[in-house]
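Since every read-out is calculated from the coordinates, none of them should be taken as a lab result. In this text the structure is predicted, and so the values were computed from the model without any measurement. No Cβ is skipped: glycine too gets one built from the backbone with ideal geometry, and neighbour counts run over all protein chains shown.
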Amino acid sequence: MKKIIRQEYPWFLAHATWFWIVPLAANLFEPSDQTGLLLLLLMIGNPLFCIICALFYGMRNGRRWGFLIYPAVAAAASIMMYYNSSAIGFGLLALFCSVIGLLFGGWSRARKMSEAEKWQLKQAAELVSKEKPAPAPTTAGQSVRVASKTAAKNQQKAYARKAKERAEKEAKRQNKNQPQKKKKKGGH
């Protein structure tokens with residue numbers, strides 16, 4: 001649980017800073033310029049920030065739709081703090097840009113992953129879904145053997161190694177079928 005919080009906290013902090021702290025910078029300008037600055041932030045700054053942040057999140061973590069909570073909460077709170085209800089459309093635009101960024105980031109991550117890594121993730125998901133609780137011992141003297149986390153990790157590594165070997169063999173086979181260049185004879 002701490003690992004998940006440690007991974008997600010920077011993303012929430014980034015959204016909170018952008019949506020809640022950055023608009024305060026408008027107070028540094030004269031009142032006539034504040035409206036234009038806030039409108040520029042709503043129309044261009046927030047969607048651009050959301051698409052870039054979601055793109056990096058998707059490239060790092062894949063398509064986790066729970067990420068969309070961050071821009072939704074940050075935009076809703078920012079609308080209540082700094083703007084009025086007419087800015088809801090801009091909040092939805094920022095959320096839409098987050099969806100687009102998340103889609104492209106997940107797509108980029110999937111393209112970058114090798115076949116062995118994809119296979120390893122698939123096998124890990126199957127292992128987790130197949131895990132069943134161990135049956136209770138029938139008599140008081142018997143004990144039930146439970147696989148350790150280390151054994152499961154070693155099994156996943158073995159699966160990944162086998163997948164990598166298969167991918168290398170496939171690459172060699174494909175290279176073998178391609179026509180080869182002829183070597184030139186003669187020393188000059």
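For the stretch 2-112, rounded, prolate or oblate, judged on the Cα gyration tensor with a ≥ b ≥ c (square roots of eigenvalues), a/c < 1.5 rounded, else prolate if a/b > b/c?
On the way: a/c = 2.36, a/b = 1.92, b/c = 1.23.
Here the stretch 2-112 falls in the prolate category.
Multiply the residue gap between Phe56 and Ala171 by 0.36 nm, knock off their C-alpha separation, and tell me the result in nm, one decimal place. Mind dumping the intermediate values first?
Values: separation 115, 0.36 × 115 = 41.40 nm, distance 3.04 nm.
Between Phe56 and Ala171, full extension yields 38.4 nm more.
Applying the Karplus parametrisation 6.51 cos²θ - 1.76 cosθ + 1.60 with θ = phi - 60° to the phi angles of the stretch 26-32, what ³J(HN,Hα) value in whole Hz is obtained for each residue in order, glycine and proline being reported as x?
5, 5, 6, 9, 5, x, 5
Which ³J(HN,Hα) values in Hz, rounded to whole numbers, follow from the phi angles of the stretch 95-108 under the Karplus curve 6.51 cos²θ - 1.76 cosθ + 1.60, where θ = phi - 60° and Gly and Pro get x?
Couplings: 5, 4, 5, 5, 4, 4, x, 5, 5, 5, x, x, 5, 5 Hz.
Given a Förster distance of 30 Å, report the FRET efficiency between Gln7 and Gln155 from their Cβ-Cβ distance, rounded to the nearest 0.05.
On the way: r = 25 Å, r/R0 = 0.82.
Calculated transfer efficiency: 0.75.
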